[in-house]
Amino acid sequence: MPFNSPDRPAGSPLVVLADDLSGAAECAAVLPGCRRILLDPAAPVRPRETPVIDLDSRRRTPAGAARLVARATGRHAVTGARLLKKADSLLRGHFAAETSEFAAGASGLVVAPAVPAAGRTVRDGVVRLHGVPLHHTEAWRAEPGSVPRSVAEALGRADTTVLPLDQVRAGATHLGGSLRSALARGAPVVCDAETDADLDAVAEAVLRLPHTVRMVGAGGLTAALGRRCGPVAPRAAPGRAPAAPRPVVVVVGTAHPGAVAQIAQLTLHGARHSALSAESLLGPGGDGEHPTARARAVLKGAPVSVLSISGTRAVDPSAAPRLARALARSVAAVLPEDADLVLTGGETARRVLDELAVTTLLPVGQVHHGAVHCRTVDGREVVTRPGGYGGPDSLLRMVGALRTDRGRAVQEPNASDGGPR
C-alpha cells in the first residue's frame, strides 16, 4: 500500500508496529494493502508490503519494550517505509518508553490516539472516554501507576505541542503549515480529534510530509490511513469450506465486566462453558481439579465451547501475564486439530497462538469494530478482539462468523460498532 509524498513520488509503503496482538489485528483489518500480521518481529518483509507487526511488547518491562521497538524501528526505517507505532488509545502499556525509542532518528513525531468510533477522543491534548477525561474514569483500574492527565504527561515530555481542533479543522493547507511549524521545534506534536474526519485531515497532512516523520496512533489513525487508499476488499486466504461446521473454542482471558454478559449470550445459544479458577491456573489443584482436565472435559464433543477465568476472587493485576500463559497452555494441550478459535484479550490471544506455534496470521475481515477474522497458514480460523470491545452479543457474532460460512470473508463493520482500545 504505497502512499505518495513529496520526497518519494512513487510512494512509501507503510509498516505498522503494534504493542499487542489484538491491536495489530485491528490495524490490519482497516489497511487495504495488509495481507499479513507478523508475530515474529524478525520475519522477512516483502518489497512494498504493508505488514502489521506484533512486537508483543506490552508484557515486557519498560526497558525490554523499548529495546524491541528500537530494533524494529531501526530495521524498517532504513527501507524508506513510513512508520506507524500502534499504541493504546487509553495510553496504557509502556507508552513513554516505546514512543521515545520510536521517535529516535525521526524528523518529527505526530501523535493522534483518538478512536472516535469507540468513544475515544482527544481535546486540548487530553484523552476523553465518552466525553469524560481519562483521569476521571475507571479505565486504568487494573493498570499500575497513576492515570496520565494528558498525552504529554503520558509521553513524559513537557515540551509537547498540542494542535487544537480549530487548527485540525482549518483546512489542509493551514493544518500542513501548523504541523510543519510545530515539528520544526523538535518536540512531539499531539493532534486533537473528535471525529473520523479530524483523523482523515491529520492523516492527509502527515502523508504530505517527508516519510521520516513518524506517527503514533491507535485504530482510528490507522483507519484514516486506510481510507486514503479506498475501501478494504475481502481478503479471504486460500482454503475450502469443510463439509460440516468445525468446532469453535472460545477463550476469554479478559477481566472486563462485559465479558460475563457476552458469555451468557453464548451459553443461552447452547455453548458449553467452564470457568477455570485463577488458583488452579496459577497452582494446579487449587480447586480440586487440574485446569487441563477441566478444559478437556468442556471441549469434548462440544460444537461451541467457552473457557474463561473465574472472577470469584480478586486477582493481583501483576499476575495477569502468568494467568494468560497458564490458560493458553491448558487450551493448547487439549485443542482439537480441526477446531477454530475465538480469542479475547490481546495477551490471551498472543499466548494461545504462541503455544500453537503460529507466527503469521492472514487477515480476512471484521465481524464488528475490533473483532478481526484471520486465518493461519495451515487453515485454522481465528477471530481476535481486545478484551473490552463489543456489546453483549459480541462473542455470539464472532462465533457465528466462523460457523455460518467458513470460506467467505466476513462483512465489514458498521461505524457504530465500538469498544475500548
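The values are calculated or read from the model by the stated rules, or taken from the named source; none is laboratory data. For clarity, every value in this text was computed on a predicted model and none was experimentally measured. Don't worry about glycine lacking a Cβ; one is built from the backbone with ideal geometry, like all the others, and counts go over all protein chains shown.
Numerical summary
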{"read-out": "All positions within segment 67-95 that are assigned to a helix (DSSP H, G or I) and under 18 Å from the mean Cα position of the chain (by Cα)", "value": "68, 69, 72, 95"}
{"read-out": "Residue 302 vs. criteria more than 17 Å from the chain's Cα centre (by Cα) and either exposed (fewer than 15 other Cβ atoms within 10 Å of the Cβ) or of a type in the set (Phe, Trp, Tyr) (or both)", "value": "no"}
{"read-out": "Tally, over segment 93-140, of residues that are under 24 Å from residue 347 (Cα atoms), charged (D, E, K, R) and touching a helix residue (DSSP H, G or I) at 6+ places or on another chain (Cβ under 9 Å)", "value": "3"}
{"read-out": "Entirely in segment 345-395, the strands (runs of 3 or more DSSP E) that have 1 or more residues that are out of contact with any helix residue (DSSP H, G or I) (no Cβ under 9 Å at 6 or more places or on another chain)", "value": "360-368, 371-376"}
{"read-out": "Wholly within segment 112-209, helices (runs of 4 or more DSSP H) carrying at least 3 residues that are surrounded by fewer than 16 Cβ atoms within 10 Å (Cβ to Cβ), at negative phi and without any contact (Cβ under 8 Å) to a residue 40 or more places away in the chain", "value": "172-183"}
{"read-out": "Qualifying residues in segment 41-61 (those that are part of a loop (DSSP other than H, G, I, E, B) and among the acidic types (Asp, Glu)) - the one nearest to residue 362 (Cα to Cα)", "value": "49"}
{"read-out": "Qualifying residue in segment 171-183 (condition: outside the structural domain of residue 321 (by TED's automatic domain parsing), within 24 Å of the chain's Cα centre (by Cα) and either polar (S, T, N, Q) or farther than 30 Å from residue 13 by Cβ (or both))", "value": "no"}
{"read-out": "Condition met for residue 61 (polar (S, T, N, Q), buried (at least 21 other Cβ atoms within 10 Å of the Cβ) and more than 13 Å from the chain's Cα centre (by Cα))", "value": "no"}
{"read-out": "Qualifying residue in segment 271-288 (condition: surrounded by fewer than 19 Cβ atoms within 10 Å (Cβ to Cβ), out of contact with any helix residue (DSSP H, G or I) (no Cβ under 8 Å at 6 or more places or on another chain), modelled with pLDDT of 85 or more and part of a loop (DSSP other than H, G, I, E, B))", "value": "no"}
{"read-out": "Meets criteria (buried (at least 19 other Cβ atoms within 10 Å of the Cβ), modelled with pLDDT of 95 or more, of a type outside the set (D, E, K, R) and over 26 Å from residue 186 (Cα atoms)) for residue 55", "value": "yes"}
{"read-out": "Single condition residue 253 does not satisfy, out of (1) modelled with pLDDT of 95 or more; (2) buried (at least 24 other Cβ atoms within 10 Å of the Cβ); (3) small (Gly, Ala, Ser)", "value": "(1)"}
{"read-out": "Residue check, residue 83 closer than 27 Å to residue 370 by Cα, buried (at least 22 other Cβ atoms within 10 Å of the Cβ), of a type outside the set (Asp, Glu) and touching a residue at least 40 places away in the same chain (Cβ under 8 Å)", "value": "yes"}
{"read-out": "Odd one out for residue 4 among (1) touching a Lys or Arg at 6+ places or on another chain (Cβ under 8 Å); (2) assigned to a strand (DSSP E or B); (3) at pLDDT below 90", "value": "(1)"}
{"read-out": "Selected residue (only one of 267, 222 is surrounded by fewer than 21 Cβ atoms within 10 Å (Cβ to Cβ), modelled with pLDDT of 90 or more and assigned to a helix (DSSP H, G or I))", "value": "267"}
{"read-out": "Which listed residue is farther than 14 Å from residue 256 by Cβ and without any contact (Cβ under 8 Å) to a residue 12 or more places away in the chain, from 376, 384, 404", "value": "404"}
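Conditions tested, residue by residue: (1) at pLDDT below 90; (2) over 30 Å from residue 144 (Cβ atoms).
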{"position": "291", "(1), (2)": "yes, no"}
{"position": "321", "(1), (2)": "yes, no"}
{"position": "333", "(1), (2)": "no, yes"}
{"position": "343", "(1), (2)": "no, no"}
{"position": "346", "(1), (2)": "yes, no"}
{"position": "378", "(1), (2)": "no, yes"}
{"position": "386", "(1), (2)": "yes, no"}
{"position": "393", "(1), (2)": "no, yes"}
